[in-house]
Amino acid sequence: MEKDIDKAITEARREYFRKWRKNNPDKVRKHNESFWRKKAQQLIEKEKADGFTKTTTQNDDDTANS
């Protein structure tokens, strides 16, 4: 019984957010852009903190895997 209620709650929440995303594509786009911008910035900061700079090329990666 409890699992049925939890399942209904989960599905209701999913449906609500599906409708919200459909009706607010500009907000979704803005959020996604902001999220990935922050992730990229964190990656850059982590690489700087680790003293790592990406100097390999696609060809270097291909030969390393062979």
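The values are calculated or read from the model by the stated rules, or taken from the named source; none is laboratory data. If you're wondering where the values come from, they're calculated on a predicted model, not measured in any experiment. When we count neighbours, we look across all protein chains shown, and the Cβ atoms used for this are built from the backbone with ideal geometry, even at glycine. Heavy atoms of the whole protein, side chains included, go into the accessibility calculation; ligands, DNA and RNA do not. Shrake-Rupley method; radii C 1.70, N 1.55, O 1.52, S 1.80 Å.
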Fill in the blank from the handout: Output for Cβ contacts, cut-off 9 Å, separation at least six or different chains, first residue without any contact (Cβ under 8 Å) to a residue 60 or more places away in the chain and surrounded by 10 or more Cβ atoms within 10 Å (Cβ to Cβ) in segment 12-24, second assigned to a helix (DSSP H, G or I) and among the hydrophobic types (A, V, I, L, M, F, W, C), reads 20/28; 21/28
Fill in the blank from the handout: With the first residue restricted to segment 26-42 and required to be on the phi < 0 side of the Ramachandran plot, and the second required to be surrounded by 10 or more Cβ atoms within 10 Å (Cβ to Cβ) and part of a helix (DSSP H, G or I), Cβ contacts under 7 Å at 6 or more apart or on different chains are 28/21
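What number of residues within segment 25-54 satisfy the criterion of being among the aromatic types (Phe, Trp, Tyr) and open to solvent by less than 100 Å² (accessible area, probe 1.4 Å)?
Here is the first cut: in segment 25-54, the residues among the aromatic types (Phe, Trp, Tyr) are 35-36, 52.
From what's left, open to solvent by less than 100 Å² (accessible area, probe 1.4 Å): 35.
Summing the residues that are among the aromatic types (Phe, Trp, Tyr) and open to solvent by less than 100 Å² (accessible area, probe 1.4 Å) in segment 25-54 gives 1.
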